[in-house]
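So the structure is just underneath, and the comments pick up after that.
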Amino acid sequence: MKNLAIIKPAITLQLSNFHMKGECIIEQIRKIKDLAGVFFDNDAYGEMDNEQIIYSVQSWFPVEEGTEGGLFWGNTTIMPGKVGDEYFMTKGHFHSKRESAEIYFCIEGNGMLILMDQNRKCWGEEMYPGSLHYIPGNVAHRTANIGNSPLTFGACWPADAGHNYEEIQQEGFSARLFEKAGKPILIETKERRK
Ligand code: M6P
Ligand code: ZN
C-alpha cells in the first residue's frame, strides 16, 4: 500500500443478511448428495432429492490459508428442514490446529450450536438473532437450523485453524439433535467406530 493512501474497502456486507460483496469471495454449496454419512437416518436420507440444498457458505480469505496470525470471515445459511427427525445441519469439524478458537454470531433464524469437547462431552447453545458464541479451542462444532426459516450466522476464525472433518466423519459427535414432541433435544448416539 502506498504511504498515506486512503482506499475503499475491498469487501462490503449487506447489513440485512451479512451477505458479502466483492472480489475473492468463495461460495460453497452443500447439497444432500454432498452430505453422505452426516445424518442418522440413512433411509430418510436416501429418499431425499440429491440436489436439495442444505446449506451454503460464503467465505472471505484475505490472506493465504495457513497464515499464522491471519483471520478468515464467513457466513453460513442453513435451510429449514429435517432428515427423518434430525434437523438440517452442517458437517461439523474440529480445527486441524486443534487449539484454535472461533466466534459465531447469529444473524437471522433460530438454531443450535452443537459443541463437543475432547472427552466427547456434548452440549448445545441456542442461536437467535444477536446471539454471540465463543467456540473454545479443542471443541468440535456444528450448527443446526431448528426453525421454519433459513438460519444465517457469521463466523470469524484463524487463518491457520484448518478444518478436520475426518474425525467427525469417522467417529461422529457423541450426540445428535432431534426433534421430539416439537422440541429440539440432544440424544446420545453410540456411533464411535474406533
Ligand atoms: C462457519 C465456519 C466455516 C465452516 C462453515 C460450515 O461458517 O465455521 O469455517 O466451513 O461454518 O461448517 P462445516 O465446514 O462444518 O460444514
Ligand atoms: Zn470452525
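Summary table below
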quantity: Residue list for the range 59-86, filter: more than 14 Å from ligand 1 (Cβ to nearest atom) and within 28 Å of F40 (Cα to Cα); calculated: P80, G81, K82, V83, G84, D85, E86
quantity: Filter pass, K97 being under 17 Å from F153 (Cβ atoms) and assigned to a loop (DSSP other than H, G, I, E, B); calculated: no
quantity: Boolean, I114 is β-branched (V, I, T), within 11 Å of ligand 1 (Cβ to nearest atom) and over 13 Å from T76 (Cα atoms); calculated: yes
quantity: Qualifying residue in the range 28-44 (condition: surrounded by fewer than 17 Cβ atoms within 10 Å (Cβ to Cβ), of a type in the set (K, R) and over 30 Å from E191 (Cβ atoms)); calculated: no
quantity: Residue check for T67: in contact with a Phe, Trp or Tyr (Cβ under 8 Å, 6 or more places away or on another chain) and at negative phi; calculated: no
quantity: Scope the range 124-141; condition loosely packed, with under 13 Cβ neighbours inside 10 Å and among the hydrophobic types (A, V, I, L, M, F, W, C); matching residues; calculated: L132
quantity: Selection within the range 141-194 - within 16 Å of ligand 2 (Cβ to nearest atom) and assigned to a loop (DSSP other than H, G, I, E, B); calculated: A159, D160, A161, G162, H163, Y165, F173
quantity: Cβ-Cβ under 8 Å pairs, at least 6 apart or on other chains, the range 76-99 side without any contact (Cβ under 8 Å) to a residue 40 or more places away in the chain, far side within 16 Å of ligand 2 (Cβ to nearest atom) and not hydroxyl-bearing (S, T, Y); calculated: E99/G137; E99/N138
quantity: Residues (of a type in the set (V, I, T) and under 15 Å from T143 (Cβ atoms)) located in the range 51-82; calculated: I54, V57, T76, T77, I78
quantity: In the range 155-171, residue farthest from ligand 1 (Cβ to nearest atom) [restricted to those that are of a type in the set (D, E, K, R) and closer than 17 Å to Q118 by Cβ]; calculated: E171
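Every number here is computed from the coordinates shown, using simple stated rules; none is lab data. On a predicted model such as this, the values are computed, not experimentally measured, just so you know. Counting neighbours? That spans all protein chains shown, and the Cβs are built from the backbone with ideal geometry, glycine included.
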